[in-house]
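The values are calculated or read from the model by the stated rules, or taken from the named source; none is laboratory data. Because the structure is predicted, anything quoted here is derived from the model rather than measured. Neighbour counts are summed over all protein chains in view; Cβ atoms, including those assigned to glycine, are modelled from backbone coordinates with ideal geometry. Note: accessible area is taken over every heavy atom of the protein model, side chains too, but ligands, DNA and RNA are not part of it. Shrake-Rupley method; radii C 1.70, N 1.55, O 1.52, S 1.80 Å.
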Amino acid sequence: VTQEIPQRSTMFSFFNYCASLQIAGIIIMYPLSEDILRQLHSAYPVVQCSEYNPFYTKIPYVSIDDYAVSKAAIAHLIGAGCKKIAFFSSSYDYRYVQNRYRAYKEMLVGNGMAVRPEYVIQVSDFSYQRILTTAHHFFRLAEPPDAIFSTSDKHAHAAIKAGLSMGFSIPEDIKVFGFDNTMYATLSTPTISTVEQPRRELGIQSSRLLLELIRNPSTQITPLLLPTKLVIREST
């Protein structure tokens, strides 16, 4: 099922939708409450892919260690001499954003740097135009950051485009780090340093686990965290 799963008020309609398709199982890619996960789990084999709720342990998940790899990316920026690092993200509703922000805060505090509110910006939707418009904020500050850690390559691309349009040099004035290793990273000028997330493998492994659960619903499946790596390019 690829449509977005609704909240509790329309769960009955969603179950009717699933029944009409005679689905055998569900792969979830949205942040859901324990209550909704419990309802889904009682009706179908379910696997959480990428996004998962760590407080409901009866549904397995396939994801990455966002926290650890974000710490590694920020360590790279600190190692390059950056002391005023900004955080540019999508909505905090997503677990991956929460974990990447936690890594950001801990790395800054642990290295004697302040977490400055004006350096932390989120955009509540995925519209590139809105992300680009918001990115200009960093470059209008009286004291701009010297690095931007972004939670997606789209955010990093927008930050670079905004910076260049306002006369900043990347990476000489401001270094930019992305996340996902999507086409935005290689089509950008300069190309974007990023985290390579195994997007295809996330889908393959989630499907494999779901098929196991469909064949044997009582199977005990251990959550799976897939490996990631830093890809260093021109933006840092």
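Part of a strand (DSSP E or B) and under 17 Å from Leu132 (Cα atoms): is that true of Phe168 in this structure? Against the criterion (part of a strand (DSSP E or B) and under 17 Å from Leu132 (Cα atoms)), Phe168 does not qualify.
Do any residues in the stretch 213-236 that are open to solvent by 60 Å² or more (accessible area, probe 1.4 Å) have Cβ atoms under 6 Å from those of residues that are acidic (Asp, Glu), where the two are at least six apart or on different chains, and which pairs are they? Pairs found: Leu225/Asp65; Lys229/Glu196.
Among the listed residues Leu77, Leu32, which satisfies the condition of being buried (at least 16 other Cβ atoms within 10 Å of the Cβ), under 20 Å from the mean Cα position of the chain (by Cα) and farther than 27 Å from Arg200 by Cβ? Give the derivation first.
Working: Leu32 fails: farther than 27 Å from Arg200 by Cβ.
The conditions single out Leu77.
Pairs linking a residue in the stretch 187-202 that is touching a residue at least 12 places away in the same chain (Cβ under 8 Å) and over 13 Å from Ser50 (Cβ atoms) to a residue that is of a type in the set (A, V, I, L, M) and open to solvent by 70 Å² or more (accessible area, probe 1.4 Å), with Cβ atoms under 7 Å and 6 or more positions apart or on different chains, are Ser193/Ile232. List pairs: first residue in the stretch 148-163 and closer than 7 Å to Phe88 by Cβ, second residue among the charged types (D, E, K, R) and surrounded by fewer than 24 Cβ atoms within 10 Å (Cβ to Cβ) anywhere in the structure, Cβ distance under 8 angstrom, at least six positions apart or on different chains. Qualifying pairs under 8 Å: Ile148/Lys175. Within the stretch 126-175, restricting attention to residues that are of a type in the set (Phe, Trp, Tyr) and more than 16 Å from the chain's Cα centre (by Cα), the residue that is nearest to Asn99 (Cα to Cα) is Phe138.
Hey, can you tell me all the residues within the stretch 200-236 that are in contact with an Asp or Glu (Cβ under 7 Å, 6 or more places away or on another chain) and not β-branched (Val, Ile, Thr)? Let's see the steps before the verdict.
Looking only at the stretch 200-236, we keep the residues that are in contact with an Asp or Glu (Cβ under 7 Å, 6 or more places away or on another chain), and these are 219, 221, 225-226, 228-229, 231.
Leu225, Leu226, Lys229 - these are the residues of the stretch 200-236 that are in contact with an Asp or Glu (Cβ under 7 Å, 6 or more places away or on another chain) and not β-branched (Val, Ile, Thr).
Considering Ser169, Ser150, Ser165, the condition of being among the small types (Gly, Ala, Ser), open to solvent by less than 70 Å² (accessible area, probe 1.4 Å), modelled with pLDDT of 95 or more and more than 18 Å from Tyr119 (Cα to Cα) is satisfied by Ser169 alone.
Consider the stretch 176-205 and keep the residues that are under 17 Å from the mean Cα position of the chain (by Cα), of a type in the set (A, V, I, L, M) and part of a helix (DSSP H, G or I). The one that is surrounded by the fewest Cβ atoms within 10 Å (Cβ to Cβ) is Met183. Could we say that Arg208 is open to solvent by 50 Å² or more (accessible area, probe 1.4 Å), over 23 Å from Ile28 (Cα atoms) and assigned to a helix (DSSP H, G or I) here? Spelling it out, it is not the case that Arg208 is open to solvent by 50 Å² or more (accessible area, probe 1.4 Å), over 23 Å from Ile28 (Cα atoms) and assigned to a helix (DSSP H, G or I).
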